[in-house]
Amino acid sequence: MAKVTIISAEGTRDVELGPFTTIGRHPDNSLQLLDRIVSKNHATITLQGGQYLLKDLQSLNGTFVNGVRVWEHTLRDGDDISMGNTRLVFHDERQGVAGTRVSISSPDSTVAESHIRDKIASQASDRFLPAAEITDIDALRRDYEKLRITHELQKQIGLELDLDRLLQTILRLSFEFLPADRGAVLLYDETGKLYPRVVRTRRGKNDEAIHLSQTVLNVVATERAAVLSSDAMMDARFQSSKSIIMQGIRSSMAVPLLHGENLFGIMYLDSQLAAGAFTQKDLQVLSSIGAQTAQFIQNIHLARKVEQDALTREKFLRMLSPNLAEQVLSGKLSVERVGVSCDMTVMFADIRGFTAMSAEKKASEIVDMLNEYFELMVEIIFKYEGTLDKFVGDAVMVVWGAPVAHPDDPIRAVKTAVEMLATLEDLNRVRASRGQPPLAVGIGINTGEGVAGYMGSTKKMEYTVIGNTVNIASRLCSKAGPGEIIVSEMTWQRLGGQFPGESLPPAQVKGIAKPLKIFRIPRDAGLRHSSSMTGGPEPTIQG
């Protein structure tokens, strides 16, 4: 169960989160904040894949998590969210036992291999013998116990894909199978460091601190073996471990979470009540649980990879023309994940007078208008194999040269611009028949070097382009009047005289010291140069 604690001028209150929670000043939101600095529709919190995703809805004053402005953020227990003058503290009971702390001591230098009392290699007894070969009744009992535990875990966990819920359930079941007082599951992060993902205490105390010995963890991780200490206070290999002695731990077990060659982490249980609380059989049981936990983690990773691949496919289908998207997805063309410098042509197209229009129209009418307009424009962009980088309000940003490059990219960009204006005239005739005002668009195009690649945070990354070439294209768009196509000198030179045009007075743009030579392409120029763009060299991939 997850909730947020709302701290505002009205006081403090707790609100449970559902699968989809809208936040804002408007009363239609599922969580209304009476804060004049908060936008009417400020943010949403959505349960996705077992995690809660906070998304800012382009609010005026922003959404902050732990003091950092965010647009999308996967929430963790204890995150402090700020919207205007209101604070929200996120709580998720699934993310460990609140208040229980896990620390790892330094390695115990006097521990030697000869002191290991009970140890089971991770793959020592994975194979089940045929019935005719069974001669050891104890081995048969151990195999039965493994199958029983496997059955119980599968029955209670099923197809759980939320990692924290999965690990909490496994720890709870481990407490049912074994006489443990405390337990923890530690996983490796991206840097290879172990960190506690979930912890559990039998008595449910929230103020307990669990201190783990780095020596134990090192043995388990290095040798990929399960380790048992029947009496940690008497065991020679732990005599120098202050973390164990201070807690009076009488028995402990630790097993690797190992699937094939992948070591995901370590599972640890201890007992403070009796010497010899755990037996060699218990270690066998915990080893089976650890092996199956690793299998579950592997399944979650595979499921997430499938989900991520599906999202990647969807992004490419939205960003590239269907033909190029299929080539990228099939592996015929590859997109590098690192940023690379490449030659590109960038186009911005912006609706003129949109702000004034938005003030006079209902929000639903504005959305319908933009959707109709963008639907027509994107079809033209994909026709000339441009990359749809992003929509910025009423503007659209398109790139040629990344990730797919053609030798005639500047020509494709101008053809796209001319056809967009021609199509807009057709759309305006339809709008006039409905009694709606016409739309006017200004277009800016620039060619030059830029950087293309995946950019963002570890939580959210997008393929995009950056650099001065992009900035100048945006500035040229702002210089273009309604129905105008303004191109830079570099773009004009690369057109090779295929389009008529006129030189305009040099333009001073923000961020550029010298005025830029710019040119205007007639809006009907492409109608006289509408030959097919197919044929010629095959497209190439840029970063």
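The values are calculated or read from the model by the stated rules, or taken from the named source; none is laboratory data. All values derive from a computational prediction rather than experimental measurement. Cβ placement follows ideal geometry from the backbone for every residue including glycine, while neighbour counts extend to all protein chains displayed. Surface areas here come from the heavy atoms of the whole protein model, side chains and all, with no ligands, DNA or RNA. Shrake-Rupley method; radii C 1.70, N 1.55, O 1.52, S 1.80 Å.
Residues of the range 1-54 that are free of Cβ contacts under 8 Å to residues at least 60 places away in the same chain and of a type in the set (Gly, Ala, Ser): GLY11, GLY18, GLY24, SER30, SER39, ALA43.
When the criteria are applied in full, VAL338 meets the requirement of being at pLDDT below 90 and within 19 Å of GLU449 (Cα to Cα). Please tell me if ASP28 is surrounded by 14 or more Cβ atoms within 10 Å (Cβ to Cβ) and over 30 Å from ALA303 (Cα atoms). Answer is no for this residue. Among the residues of the range 1-26, which ones are among the hydrophobic types (A, V, I, L, M, F, W, C) and under 28 Å from the mean Cα position of the chain (by Cα)? If the condition is that a residue be among the hydrophobic types (A, V, I, L, M, F, W, C) and under 28 Å from the mean Cα position of the chain (by Cα), then MET1, ALA2, VAL4, ILE6, VAL15, LEU17, PHE20, ILE23 are the ones that fit. Please give the number of the condition GLU113 fails out of (1) open to solvent by less than 40 Å² (accessible area, probe 1.4 Å); (2) charged (D, E, K, R); (3) at pLDDT below 55. Of the numbered conditions (1) open to solvent by less than 40 Å² (accessible area, probe 1.4 Å); (2) charged (D, E, K, R); (3) at pLDDT below 55, the odd one out for GLU113 is (1). Only one of the numbered conditions (1) polar (S, T, N, Q); (2) open to solvent by less than 80 Å² (accessible area, probe 1.4 Å); (3) modelled with pLDDT under 85 is violated by ASN323, and that is (2). The condition (being in contact with a helix residue (DSSP H, G or I) (Cβ under 7 Å, 6 or more places away or on another chain) and of a type in the set (A, V, I, L, M)) is satisfied by just one residue among VAL398, VAL470, VAL465, VAL451: VAL398.
For beta carbons closer than 8 Å, sequence separation of 6+ or different chains, a first residue in the range 339-365 that is in contact (Cβ under 8 Å) with a residue 40 or more places away in the chain and a second that is of a type in the set (S, T, N, Q) and part of a strand (DSSP E or B), the qualifying pairs are ASP343/THR447; MET344/THR447; THR345/ASN446; THR345/THR447; VAL346/ASN446; VAL346/THR447.
Of all the numbered requirements in (1) in contact with a Lys or Arg (Cβ under 9 Å, 6 or more places away or on another chain); (2) modelled with pLDDT under 70; (3) open to solvent by less than 80 Å² (accessible area, probe 1.4 Å), GLN168 misses one, and that requirement is (2). Number of residues in the range 38-48 that are farther than 20 Å from ARG69 by Cβ and either at pLDDT 90 or above or surrounded by 14 or more Cβ atoms within 10 Å (Cβ to Cβ) (or both) equals 1. Can you pull out every residue in the range 383-412 that is within 17 Å of VAL451 (Cα to Cα) and among the hydroxyl-bearing types (Ser, Thr, Tyr)? Hit for the range 383-412 is THR387, nothing else. For the range 390-409, the count of residues that are in contact with a Ser or Thr (Cβ under 9 Å, 6 or more places away or on another chain), over 17 Å from SER474 (Cβ atoms), open to solvent by less than 20 Å² (accessible area, probe 1.4 Å) and at pLDDT 95 or above is nonzero.
Restricted to the range 522-540, and to residues there that are in a loop (DSSP other than H, G, I, E, B) and in contact with a strand residue (DSSP E or B) (Cβ under 9 Å, 6 or more places away or on another chain), the residue that is modelled with the lowest pLDDT is PRO539. The combined condition, being farther than 30 Å from GLY265 by Cα, at pLDDT 80 or above and in a loop (DSSP other than H, G, I, E, B), is fulfilled by ASP35. Select from the range 71-88 the residues that are under 21 Å from the mean Cα position of the chain (by Cα) and at pLDDT below 90 and write down the one among them that is farthest from ILE7 (Cα to Cα). Per the criteria, the residue is ARG76.
Which members of the range 502-521 meet the condition of being assigned to a loop (DSSP other than H, G, I, E, B), open to solvent by 40 Å² or more (accessible area, probe 1.4 Å) and without any contact (Cβ under 8 Å) to a residue 40 or more places away in the chain?
The answer is GLN508, LYS510, ALA513, LYS514, PRO515.
Identify, please: which residue in the range 449-466 is small (Gly, Ala, Ser) and crowded, with 17+ Cβ neighbours inside 10 Å and is, among those, modelled with the lowest pLDDT? The selected residue is GLY453. Look at the range 136-164: where a residue is closer than 16 Å to ASP282 by Cβ and part of a helix (DSSP H, G or I) and a partner is open to solvent by 90 Å² or more (accessible area, probe 1.4 Å) and at pLDDT 70 or above, sitting 6+ places away or on another chain with Cβ atoms under 8 Å, you get ARG142/LYS281; GLU145/LYS281. If you filter the range 28-70 down to residues that are of a type in the set (A, V, I, L, M, F, W, C) and more than 18 Å from the chain's Cα centre (by Cα), you find that the one that is nearest to VAL4 (Cα to Cα) is LEU31. Does the range 58-65 contain any residue that is at pLDDT 90 or above and closer than 26 Å to MET267 by Cβ? No - not one qualifying residue is present in the range 58-65. When residues in the range 425-445 are screened for being open to solvent by less than 10 Å² (accessible area, probe 1.4 Å) and over 21 Å from ALA356 (Cα atoms), 2 of them pass.
Just so you know, in the range 422-478 the residues that are of a type in the set (A, V, I, L, M) and more than 21 Å from ASP350 (Cα to Cα) include one that is nearest to the chain's Cα centre (by Cα), and it is MET461.
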